[in-house]
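Report on the following structure.
Please treat every number below as a calculation from the coordinates, not as lab data. None of the values given here were measured: they were computed from a predicted structure. Cβ: placed from backbone, ideal geometry, glycine included. Neighbour counts: every protein chain shown.
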Amino acid sequence: MNKKLDKHLTTHTALDDPRNADIKIYVNGDLVHRDEAKVSVYDSGFMLGDGMWEGLRLYNGKWAFLDDHLDRLFESCKAVNIDIGMDREVVEAALDATAAANGMTGDAHARLMVTRGVKIKPFQHPSLSQSGPTVVIIAEHSKPAEELAKRGIALATVPQVRGLPMSQDAKYNSHSKLNCVIACLQAEQAGADEGLMLDPHGFVNTTNACNFFIVRKGEVWTSTGDYCMNGVTRRKVIELCRANDIPAFERNYSLVDAYGADEAFLTGTFGAQTPVRSIDGKRIGDFEGFGPVTTRIRQLYKELVERDTAG
C-alpha cells in the first residue's frame, strides 16, 4: 500500500488505497463505477452549491451514530425546502447497498450528498429545479494516516470568519463551502495545514474543516457552538467529558487562551480526534502527539463507537 502523504497534512489525510480506483458510487438509485458517476451541468448543486451533505464512517459493518447524522440531514433539508424524496429507512438502505457493493465493513468513509436537482434553466431561482433531488453517495476505503497522530496539525488564524446565522448559518452542512475553501487557502499561504477561523466577535470558533477544542489545566474548552457546524463528533465528545468527570465548557475564549493551552485537538467524523501541534507558529504545550486528556477522550470515544456499532 502506498503510504505517501500530501505536502500538507489535513484532518482528512488518508492512506492511499488502490481499491478506490474501482469503487461503485450511488447516483439516484443506481450503483455505477466511479468513472461513470456523473450529474448534469444543470444540477443545482454544481451550478449554485444548492444542497446538503453528510459524512459518515463505517465500523463493524454499521454507520456510526447514523440517527444523529440523519437527524441533521433531514433537518437541514427541511430548513431549505429540499425534499429528499426518500425516508430515513430508504436512505439507510442506500448507504448499506453502497457499502456492500464495494465490499466495505470498516475503515470506510461515505459522503452522502443531496441537491435540489436538475434545473430547466441556468438561473438561481429554486423553482427552476423541477425534476426532484439528486442523491449521490461516495464511499471510499479510507483509513486516517498514522502520521496525523504523530505530527499533528499546524493551524494558522485566518481572516475569513464563520458568519452570522442570517448570512449563512454555519449549522448548515451545505454544498456552499466557499468560505471554508478560502480559509483553507489563507492557511496554506501562511504555511499551515488548515485555518483556524474566528467568530464574528473575534472569539476562537472552528477550523475550515473540523470543530476545535483546547485543554487548559485539565478543562476542555470549545466554542459556544453559535457560529460553528453542529458536529456529531463534537457533541459526542462534550457528552463523554461530562459523563466521565472531565470538566467541559462551551464558551467564548480568545487566541490568548488557545496559544496557552496544554493540548488542542480537532473533531470530525473522519478522524475522530486529531491533535494540533501549533497555532500561528506557537507550539501547543509540550506537543508529542496526543496529550493525556485527549488520549482519555479518544479512548472513551472509541468505546462509544464500539457500543453504537456492536452486533
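Here are the numbers for this structure:
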quantity	calculated
Label point distance in nm, Val256-Ala243, each placed 7 Å from Cα along Cα→Cβ	3.7 nm
Chain lengthening between Asp35 and Ala149 when straightened (0.36 nm per residue, less Cα-Cα)	37.7 nm
Kirkwood estimate for the stretch 147-308, i.e. one over the average of 1/r between Cα atoms, Å	15.6 Å
The stretch 147-308: relative contact order as a whole-number percent, Cα under 8 Å and 6+ apart	26 percent
Kirkwood Rh, Cα atoms: Rg over Rh of the chain	0.96
Sequence ranges 20-28, 56-64, ranked by mean other-Cβ count within 10 angstrom, highest first	56-64, 20-28
Spin-label model distance (nm) - Leu164 vs Ile120, 7 Å beyond Cα toward Cβ	3.7 nm
Under 5 Å, built H, 5+ apart or other chain: amide partners of Ile25	Val32, His33, Arg34
Helix-derived mean residue ellipticity, 222 nm - over the chain, DSSP H n ≥ 4, -39500 (n - 2.57), to 500	-8000 deg cm²/dmol
Straight-distance crosslink candidates among lysines, where the alpha carbon sits under 29 Å from Lys24 and sequence neighbours closer than 8 are dropped	Lys3, Lys4, Lys7, Lys38, Lys62, Lys78, Lys119, Lys143, Lys177, Lys302
Peptides 195-201, 292-298 ordered by average Cβ neighbours within 10 Å, highest first	195-201, 292-298
